[in-house]
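First comes the structure, then the notes that go with it.
The values are calculated or read from the model by the stated rules, or taken from the named source; none is laboratory data. This is a predicted model, so every value here is computed, not measured. Neighbour counts are summed over all protein chains in view; Cβ atoms, including those assigned to glycine, are modelled from backbone coordinates with ideal geometry. Ligands, DNA and RNA are excluded from the accessible area calculation, which covers all protein heavy atoms including side chains. Shrake-Rupley method; radii C 1.70, N 1.55, O 1.52, S 1.80 Å.
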Amino acid sequence: MRQSQATPAATLDGLRVLLVDPHEASRTALRGAVLALGCRKIVPARSHNEAISALRGGIPFDLILCEYTLDGTRDGQHLLEELRSEQIISLRTAFVMVPAESGARRVLAAAEFTPDDYVVKPYSIEQRNVRLARTVRKRQVLAPVYDLIERASYSAAVEECMAISWKHPAYEADCAKIASELLIADGDFDTAEELLDKLLASKDVPWAVVSLARLKARKGDLEHAGEMLERMLSGNPDFLAGHDALADICLRRGEREAALRVMKAANAKSESNVSRMRRLATLAEELGELPTAEQVFAKVLDRTRDSGMLSGEDYANLSRLLVAQGKFDKLEQLAFEQRRKLRGHRDGDLAGALLDYHRAEKAGPSEREAAVKELIEIEAQDIASECSPRLVAQVVRACLDSGKEEAGFRIAARMAKRATLDPVVLAEVQAILDRYHSQQARSGKSGAKAAPALP
């Protein structure tokens, strides 16, 4: 029989805790809470930047308690997204959001990047302590799994998940999530599907429906996958990962307008996911909705410009939209900001060349030729592949749009060989190549080389 004995209550004794809150009174209250739970290693941070500095200091934290509303345009969701996307914190670091109000929109936004828990004010001391202890206890139980993952022992991590799930049934869903993600990453889709089916037979878990639907879609069963997601979303309309998966299926069916509607619906619920916003704006641009694309790309830039997620890609996207709409006054304002924000940044030179290229699109043939030539030359100097990959993807796009297909194909092939290239970015580059191939086929051009398929 499964063991179902109660696990001992956790304390914060011996743990290192970061308190992120701009308000001294709130920091004092949180400090009192963690002191009461036995913690003596407490570091305060008054802002997003102070938190990042503390977390980059080389000493790991076990728990982060973060107020939702931080400084200026930064909030707890910005911080969590940056920590996860830039891999600043380890798997074993627990993140608890402490929103100052219980409004549905803010709580939903906070849940976008799945904090380990959130404690909504006002709360009782007992509620706060119970939730903190529960969060830390889960991290302690799952610590052996995290250790194995960080050592790249993925098969052993899956086995450990199964063992913990058997010993501690309360963590069955957590273990299934980690194990299924590892199995999918390793290409063992059948075992992952069996695991998800087993979990869903006993529990209604939205994330598991999304994962299973993606596996069905991978096998080509798009209709079944779409139906699963639509049923799940009818009962869980705020589970935004379901909208993302449904949009992907719509795109695979060739239903681009439907995909755009799904993305817009998700974005209306929460503008707290930079990746989704970029995809939404890109699809809106492709479908001719330039004002929508401009608006969303501008919001992406608002979220990234003062963080480690800053990428020259976001300036390139917005400048392209401004040129396409003839908004040259706005373009020059953006160019001034770009030069200032990207001074010394790894994307600075390439983003500047892309801006010049976009400007030249409205000039004569000689100016356009010179601009794309400069763009190709600057990209070629990025021997160490330091530039943001999505910015390089924009260079591929510019080359193909300018008739420099050999250069575009070469840059795309080199990108695909990056050891750390995000599969999502690789898919975006392949989509650029596929769109180029479709355009060539529709135009009936002869002699053009077929766009390569990336590995």
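Does the range 265-273 include one or more residues that are among the acidic types (Asp, Glu), farther than 17 Å from Ser211 by Cβ and part of a helix (DSSP H, G or I)? Scanning the range 265-273 turns up no residue that is among the acidic types (Asp, Glu), farther than 17 Å from Ser211 by Cβ and part of a helix (DSSP H, G or I). Taking the numbered list (1) open to solvent by 40 Å² or more (accessible area, probe 1.4 Å); (2) touching a residue at least 60 places away in the same chain (Cβ under 8 Å) in turn, Glu159 passes all entries but (2). Considering the range 405-417, and only residues there that are open to solvent by 10 Å² or more (accessible area, probe 1.4 Å) and of a type outside the set (A, V, I, L, M, F, W, C), the residue that is farthest from Gly352 (Cα to Cα) turns out to be Lys417.
Taken over the range 270-297, the criterion of being open to solvent by less than 40 Å² (accessible area, probe 1.4 Å), more than 25 Å from Gln439 (Cβ to Cβ) and charged (D, E, K, R) is satisfied by Arg276 alone.
Close Cβ contacts (under 6 Å, 6 or more residues apart or on different chains) running from residues in the range 291-311 that are of a type outside the set (Lys, Arg) to residues that are part of a loop (DSSP other than H, G, I, E, B) and open to solvent by less than 20 Å² (accessible area, probe 1.4 Å) comprise Thr304/Leu310; Ser311/Ser388.
Of the set (1) touching a helix residue (DSSP H, G or I) at 6+ places or on another chain (Cβ under 7 Å); (2) more than 24 Å from Leu310 (Cβ to Cβ); (3) at pLDDT 85 or above; (4) surrounded by fewer than 21 Cβ atoms within 10 Å (Cβ to Cβ), all apply to Ala94 but (4). In the range 248-269, the qualifying residues are those that are under 17 Å from Val296 (Cα atoms) and not charged (D, E, K, R), and the one that is most open to solvent (accessible area, probe 1.4 Å) is Ala268.
Of the residues contained in the range 384-404, none is found to be touching a helix residue (DSSP H, G or I) at 6+ places or on another chain (Cβ under 6 Å), free of Cβ contacts under 8 Å to residues at least 12 places away in the same chain, over 27 Å from Gly254 (Cβ atoms) and open to solvent by 40 Å² or more (accessible area, probe 1.4 Å). Among the residues of the range 139-165, the ones that are of a type in the set (Lys, Arg) and part of a helix (DSSP H, G or I) come to 1 in all. Of the residues making up the range 4-16, one or more are at pLDDT 80 or above, outside any loop (DSSP other than H, G, I, E, B) and open to solvent by less than 80 Å² (accessible area, probe 1.4 Å).
Quick test for you: out of Gly220, Gly226, pick the one residue that is outside any helix (DSSP H, G or I) and modelled with pLDDT of 90 or more. Walk me through it before giving the result.
Working: Gly226 fails: outside any helix (DSSP H, G or I).
Exactly one of Gly220, Gly226 is outside any helix (DSSP H, G or I) and modelled with pLDDT of 90 or more, namely Gly220.
As an exercise: evaluate Glu126 against (1) assigned to a helix (DSSP H, G or I); (2) in contact with a helix residue (DSSP H, G or I) (Cβ under 9 Å, 6 or more places away or on another chain); (3) at pLDDT below 80 and give the number of the one condition it does not meet. It fails just one condition, (2).
Listed here are the residues, each with its yes/no results for (1) under 25 Å from the mean Cα position of the chain (by Cα); (2) assigned to a loop (DSSP other than H, G, I, E, B); (3) on the phi > 0 side of the Ramachandran plot.
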{"site": "Thr28", "(1), (2), (3)": "no, no, no"}
{"site": "Val43", "(1), (2), (3)": "no, no, no"}
{"site": "Ala51", "(1), (2), (3)": "yes, no, no"}
{"site": "Pro60", "(1), (2), (3)": "yes, yes, no"}
{"site": "Glu81", "(1), (2), (3)": "yes, no, no"}
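Selection within the range 418-448: residues that are open to solvent by less than 70 Å² (accessible area, probe 1.4 Å) and of a type in the set (S, T, N, Q). The member of this set that is modelled with the lowest pLDDT is Ser443.
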